[in-house]
Each structure stands twice: as structure tokens, then as C-alpha cells.
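Input: a single structure, listed below in C-alpha cells.
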Amino acid sequence: MLPPSVLAHLNRTLDVPLHLQVYEGLREAILEGTLKPSHRLPSTRAMSQHLGVSRNTVLLAFEQLLLEGYLESRVGDGTYVTHTLPDTSIQKPEVRLEQQGIQPQLSRRAQKLLQVQVTQYLSQPEYRAFRSGMPALKDFPFEEWRRLHARHWKNPPLQLLAYGDPRGYLPLREAISEYLNASRGVRCTPDQVLITSGSQQGLELASRLLLDEGDSLWMEDPGYLGARAAFQSSGLQVCPIPLDQEGMQVQYGEMHHPQARMAYVTPSHQYPLGITLSLTRRLELLKWARNSGAWILEDDYNSEYRYEGRPLNALQGLDQDGRVIYVGTFSKVLLPAVRMGYLVLPEHLIDLFIHARSLVDRMPPGVSQAVLAEFMQNGGFERHIRRMRSLYADRQAFFLQLAQQHFPDWLPFQPSPAGMHLVSHLGEGFSDRTLVEEARKAGVTVRALSPSYLQDAKQGLLFGYAGFPEDESILAARDLGRAFRVQK
């Protein structure tokens with residue numbers, strides 16, 4: 001006889017083939033122990049009649065179970081549940097280990113990783129105002145991008161379909177090098193450019209390759225949560241360095257954390273406060289790196305969006321000693337879904353990073369790189385940046401008007417000459433985390449400032465204005481004003 005579970009799996013209204021349903025029913029009965037080891041099954045003819053299916057259906061199910069080792073065939077005697085599986089391996093546990101209070105064994109690295117906060121948005125990934133770090137998705141040049149993709153996929157060169165260079169597609173590295181030399185003051189050749197899967201992979205590679213577990217690293221306080229997560233998951237000691245109007249206080253770092261082997265900075269537009277690292281501090285930082293043999297990790301995450309004058313030159317262009325690793329990304333200037341970034345490496349680090357890149361991710365997607373390379377070569381990239389720079393400047397001005405209208409007294413904002421978000425510092429008695437939750441209930445996304453601090457946390461809110469058209473911003477500001485008035 002067959003257990004009821006086999007019949008229970010049969011449902012002719014499903015798209016799942018009947019032989020797979022028979023297979024699943026028998027497999028489950030074996031795993032649950034309903035069908036014991038060495039139990040003799042009915043013949044395929046008898047089972048097909050019992051189930052009301054064709055004999056071929058049962059034969060296909062038996063073949064799969066025989067291949068996977070659940071059944072064994074005895075010549076001239078029939079088909080049996082295999083006798084080689086011990087009872088303990090085919091018993092289906094009624095209670096999960098976690099429900100018994102037993103934790104699965106994890107590596108120390110995994111345990112550290114679970115304790116690290118990567119972003120405030122993992123639990124709310126939706127696209128809505130006023131989420132920070134979000135470009136204007138609806139204003140992307142989709143038609144031009146579609147044409148490029150169609151042309152490259154129509155008859156792609158075989159080199160784009162095979163395993164490619166771990167450094168990335170050469171024409172893309174050439175385009176990035178040319179762009180950085182002209183617009184960011186970065187001094188590099190295409191050989192120094194390494195394509196990554198976004199800036200996060202670049203941060204992860206640099207921290208693991210250049211520092212050992214337990215080493216110390218300077219980080220701006222407040223600073224970027226994603227970078228802190230990469231460092232902490234690598235077992236590094238993150239040393240918070242306070243900021244003033246000139247940016248990271250290098251002398252504070254030298255005095256309090258002289259053993260540090262790396263400094264992570266966002267010098268062109270500090271995240272999240274928007275401060276620019278002064279020339280004096282840049283030279284101090286480079287001198288410290290030279291004298292101590294330390295590294296500088298320069299994250300230039302959205303330096304293109306400066307609304308007054310031309311974008312500031314990168315710190316990397318001042319480096320004479322090969323101590324700066326430059327990190328760039330296309331997530332903010334194009335789309336987060338593009339998932340492409342890059343590192344600019346000192347020449348003596350190139351081979352090391354190529355080797356590591358090939359181990360963790362082998363290579364970036366070939367055709368996607370070719371599309372981006374042509375987009376940069378034909379001027380589409382710079383045209384898009386110019387359009388977005390103008391659009392974001394207008395959206396910042398419009399947001400400031402909305403803020404003045406809907407929450408004028410207790411959420412102060414100052415215009416910023418760059419970036420894609422604004423910060424409002426909260427007065428005494430307010431909790432930014434509480435306000436973030438109230439905003440979420442009102443259907444609005446804002447980010448709390450306090451989690452960006454490692455010490456002496458200040459309360460504040462980050463409002464991303466760049467990614468949202470006026471009609472969406474109007475509705476969000478109105479709903480947020482109502483929610484916040486209740487809190488006030």
C-alpha cells in the first residue's frame with residue numbers, strides 16, 4: 001500500500017508535471033519515515049492504476065528516485081526503499097534546532113557580520129521620497145541605454161561572452177581613466193583601473209587585502225555606514241575621527257590613534273554632513289600616510305554633483321607616494337541597478353587586487369561593461385551628468401521651499417553647494433530614530449543621522465531630494481508635516 005501523502009501530492013490543475021508530483025510524494029514519505037528502509041513498493045503497473053496515472057508517469061518518478069539513491073532495484077524481485085540510509089538520516093525532525101534553543105555553528109567572521117549594520121534601508125528597500133542616496137531613476141536616458149544594449153546583444157564579440165579580464169573590459173577602463181583625468185584631477189592609466197561590482201566591493205577588497213584583523217583604521221565621525229560595515233566585518237578596529245569645518249581632524253587621529261594603518265575619507269563631499277576636506281588637511285593626511293606607511297581610501301561617491309563652480313579635484317591627484325586608493329561608483333550618477341564601480345590603484349598594488357578580484361567575483365559582466373564604455377565614449381555619460389546636475393540643483397531649491405512651508409520652525413535646513421541630500425539637526429528632546437519610524441508610518445522615508453556616529457552621536461535627519469519629482473515631494477512633505485506636528 002502507498003501512504004496517503006503520495007495521493008495528496010497529485011493535483012492535475014497544477015503546472016507541475018504529474019511524474020514530479022509522484023516523485024515528491026514518495027520522496028517525502030521516505031524522508032518522514034512513513035516508507036521504511038527495505039520497504040517493497042508496488043509494481044509500476046499496480047501503482048499507476050492505484051494513482052490513476054499512466055505507467056510512464058510512475059516510471060519517470062522511479063527513475064529519478066533511483067538516481068538520487070532513495071530507491072534500489074533488485075533484479076527479479078522489485079523496487080525497494082534503499083536500506084543503506086540510516087534511520088537518523090531519513091527522519092524528518094519535528095522541531096527545528098533554533099526552536100530548541102540550539103544555535104547553528106557559525107564562523108567567527110559570520111558572527112561579526114551578523115552584528116554589523118550595513119544600511120538603514122535593508123528592511124525598507126522601497127523607492128519613495130525622501131530616501132537619500134537615490135538618483136532620479138525616472139530621468140535616466142532609457143531609450144539611449146536600450147539602443148546600446150540592443151546593438152551589443154545583437155551580435156556580441158565572443159570575448160564579451162567568455163571569461164574576461166578580472167580587471168574589467170579595457171575600453172571601459174580607458175573611458176574611466178580619461179574621464180577621471182579630465183574631470184576629477186585623478187592621475188592614472190587604464191592599467192590602474194579595476195572594475196568592481198559597486199563601490200562596496202571595492203571597500204571590501206581594500207580593507208581585506210591591505211589590513212589584518214585587529215588593525216586600526218581612521219574613519220570620519222559621522223561616516224558612511226556601508227564603509228563601516230565592510231571594515232568591521234573584516235575584523236578591523238574603526239577609530240572615529242571628529243570633524244570640524246575643514247573636515248577630518250588629522251591631528252586628533254595622530255594623537256589618539258597613532259597606530260592606525262589606514263584612513264577612510266570622503267574628501268570632496270563628506271558623507272553625511274557635506275563638508276569639504278580643506279587643502280591643508282589633505283596635505284596633512286598625505287604626510288601622515290607617507291610617514292607612517294599607512295593607506296588612504298578615498299571614496300568619491302557623488303562628487304560630480306556640485307552646483308557652484310566645477311567639481312573639486314580628488315585627493316588622489318596630490319598623492320606622490322602611492323598611498324591613496326581611489327573608489328568610484330556609477331550607482332549614484334547612473335542607476336543603483338547598474339552595479340558597477342571601480343578602484344584606481346597605485347601601480348604596486350595592481351597585481352594583488354587583480355588576483356583577489358578574480359577569486360571573489362572572477363569578472364564583471366562583459367556586455368554591460370561594453371554598453372557603459374560606449375555610453376561614456378559617445379558623450380552620453382557627461383550629457384547625463386550635466387542634465388542631472390541642473391535637475392538636482394532645482395530640486396534642492398524646491399525642497400527647501402517645501403521644508404519652509406511644512407516644517408519651518410524645528411527642522412532647519414541650509415542650502416548645500418553639492419550632493420543629493422540635506423541634513424537637518426534636531427533640537428533637544430527629539431529622537432531621530434523615533435521620527436524615522438513616524439515618517440515610515442506616514443509613507444515617507446527619511447534617514448536618521450545618529451547611527452552614522454560612533455561616539456557623541458547627534459540627532460538629525462537626512463532628506464534625499466534628488467530622486468523625486470515635484471509632485472511626489474509635495475505629497476511627501478505634506479504627509480511628513482502632519483506626522484511630525486503630532487510628535488512636536
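May I ask which residue of W153, Y179, G293 lies farthest towards the positive end of the charge dipole of the chain, with charges of +1 (Lys, Arg) and -1 (Asp, Glu) on Cβ and the Cα centre as origin?
Among W153, Y179, G293, the one farthest towards the positive end of the dipole of the chain is W153.
Please list, by residue number, everything in segment 352-395 whose backbone N is under 17 Å from a paramagnetic label point 7 Å out along Cα→Cβ of N155.
What the label zone holds, given the 17 Å backbone N cut-off, is no residue at all.
With a cut-off of 8 Å between alpha carbons and a minimum separation of six or more residues, what is the relative contact order of the chain in percent?
17 percent
Choose one of L454, S268, G366: the residue whose Cα lies farthest towards the positive end of the charge dipole of the chain (beta-carbon charges +1 Lys, Arg; -1 Asp, Glu; about the Cα centre).
G366
Which order do V333, V423, V360 fall in if you start with the one that has the fewest other Cβ atoms within 10 Å?
Lowest to highest Cβ neighbour count: V360, V333, V423.
Filter the GluC sites (Glu not before Pro) in segment 292-330 to those in DSSP coil with at most 12 other Cβ atoms within 10 Å of their Cβ, and list the result.
E308
Could you pull out every residue, at least 5 positions away or on a different chain, whose amide H is within less than 5 Å of the one on L41? Hs are placed 1.01 Å off N in the peptide plane, and Pro or chain starts have none.
Correct list: T79, Y80, V81.
Nearest 5 percent is fine: what portion of the DSSP beta bridges confined to the chain is antiparallel?
Within the chain, antiparallel bridges account for around 60 percent of the total.
To the nearest 20 Debye, how big is the dipole of the chain about its Cα centre, given +1 on the beta carbon of each Lys and Arg and -1 on that of each Asp and Glu?
The dipole magnitude comes to about 800 debye.
Enter the per residue convex hull volume of the chain, computed from alpha-carbon coordinates, in Å³ rounded to the nearest integer.
Normalising the Cα hull of the chain by residue number yields 226 Å³.
For segment 4-90, what is the per residue volume of the convex hull drawn over the alpha-carbon atoms, in cubic angstrom?
Expressed per residue, the convex hull around the Cα atoms of segment 4-90 is 90 Å³.
Treat the count of other C-beta atoms within 10 Å as a stand-in for reagent exposure and order R27, R128, R386, R310 from fewest to most.
Listing R27, R128, R386, R310 from fewest to most nearby Cβ atoms yields R310, R386, R128, R27.
As a test of the formula, what do you get for the chain when each DSSP H run with n ≥ 4 contributes -39,500 (n - 2.57) and the sum is divided by the residue count, at 222 nm and rounded to the nearest 500 deg cm²/dmol?
Here the helix-only value at 222 nm equals -13000 deg cm²/dmol.
Check which residues have an amide H placed less than 5 Å from G460's amide H, if you skip close sequence neighbours.
The list, which skips near neighbours in sequence, is L426, D432, L449, S450.
Using a Förster distance of 22 Å, how high is the FRET efficiency between R310 and L391, based on the Cβ-Cβ distance and rounded to 0.05?
Efficiency, rounded to the nearest 0.05: 0.75.
No value in this document is a laboratory result; all are computed from the given coordinates. Please read all numbers here as calculations on a predicted model, not as lab measurements. Note: ideal-geometry Cβ built from the backbone for every residue, glycine included; neighbour counts use all protein chains shown.
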